[in-house]
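The values are calculated or read from the model by the stated rules, or taken from the named source; none is laboratory data. Since we're looking at a predicted model, the values are computed, not measured. All Cβ positions, glycine included, derive from the backbone under ideal geometry; neighbour counts span all protein chains shown.
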Amino acid sequence: MSRSNSGIAASTQKKRKKEGRFNLIDFLIVLLILLLLASVIYLFSPISWMRRLVAEETRNIYYTVEFQGVSEDLIDKIREDQIVVDSISKNTIGTVTAVDYNTKYTELQFVEQDGQVSGVLAEYPSQYNVIVTIYATAEYVEGSGYSVNNQRIAVGEKLSLRFPDYANEGFCIGLSLE
């Protein structure tokens, strides 16, 4: 009887060894699950890292950035042909092609007179709105838009820009293709 018990124990031990091994079918199932997961991420995530692997188009663009309330002493610090750098990433994101600093900075102020509240534009004589047009070669990805050196360029986007003698935050107010 001890002989059959040891025979049963040996076969059970072999089954356990066989069950614990990783086989080709297990590998293929895991691989299939990973491929399905990657395709779901690709399809439903517009800013996914996988979108960067998709072939991108390169286009030349002009984008316009407005800086509000720039002091009169600083308006001549931004000039044509200067290199523009993103203040955060330190990447070059274009070259200045035009600068307009002819618009005085105004701000809406509310004034109460005779119980009536009205809005009045107050002009600040020593401050200007500076509008800078920048030329750049941008990558275009459908669904994500334009980017220059990984900096998204879009109307309404807040940009932190640095010029050789000046740095400020402004909003993109225009974008056009060359």
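Odds and ends about this structure:
- On inspection, ALA138 fails the criterion of being of a type in the set (A, V, I, L, M, F, W, C) and without any contact (Cβ under 8 Å) to a residue 24 or more places away in the chain.
- Residue in the stretch 98-113 that is of a type in the set (A, V, I, L, M) and surrounded by 13 or more Cβ atoms within 10 Å (Cβ to Cβ) present: yes
- Looking only at residues of the stretch 144-168 that are on the phi > 0 side of the Ramachandran plot and loosely packed, with under 14 Cβ neighbours inside 10 Å, we find that the one that is farthest from the chain's Cα centre (by Cα) is GLY156.
- Residue match in the stretch 133-143 (condition: under 34 Å from the mean Cα position of the chain (by Cα), of a type in the set (D, E, K, R), in the same structural domain as ASP73 (by TED's automatic domain parsing) and surrounded by fewer than 11 Cβ atoms within 10 Å (Cβ to Cβ)): yes
- Restricting the stretch 91-131 to residues that are of a type in the set (Phe, Trp, Tyr) and either farther than 30 Å from SER176 by Cα or in contact with a helix residue (DSSP H, G or I) (Cβ under 7 Å, 6 or more places away or on another chain) (or both) leaves a set whose member that is modelled with the highest pLDDT is TYR128.
- Unique match (being more than 17 Å from the chain's Cα centre (by Cα) and more than 30 Å from TYR42 (Cβ to Cβ)) among PHE110, PHE171: PHE110
- Any chance ILE78 is exposed (fewer than 12 other Cβ atoms within 10 Å of the Cβ), touching a residue at least 60 places away in the same chain (Cβ under 8 Å) and either hydrophobic (A, V, I, L, M, F, W, C) or under 13 Å from VAL148 (Cα atoms) (or both): no
- Test result for ALA122, surrounded by fewer than 17 Cβ atoms within 10 Å (Cβ to Cβ), among the small types (Gly, Ala, Ser) and on the phi < 0 side of the Ramachandran plot: yes
Let's see how each residue does on (1) assigned by TED's automatic domain parsing to the domain that holds ALA98; (2) within 29 Å of the chain's Cα centre (by Cα); (3) surrounded by 14 or more Cβ atoms within 10 Å (Cβ to Cβ); (4) modelled with pLDDT under 90:
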position	(1), (2), (3), (4)
GLY7	no, no, no, yes
SER11	no, no, no, yes
LYS14	no, no, no, yes
ARG21	no, no, no, yes
ILE29	no, no, no, no
LEU34	no, yes, no, no
LEU37	no, yes, no, yes
TRP49	no, yes, no, yes
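- Among the residues here, ASP81 does not qualify as modelled with pLDDT under 95 and more than 16 Å from ARG59 (Cβ to Cβ).
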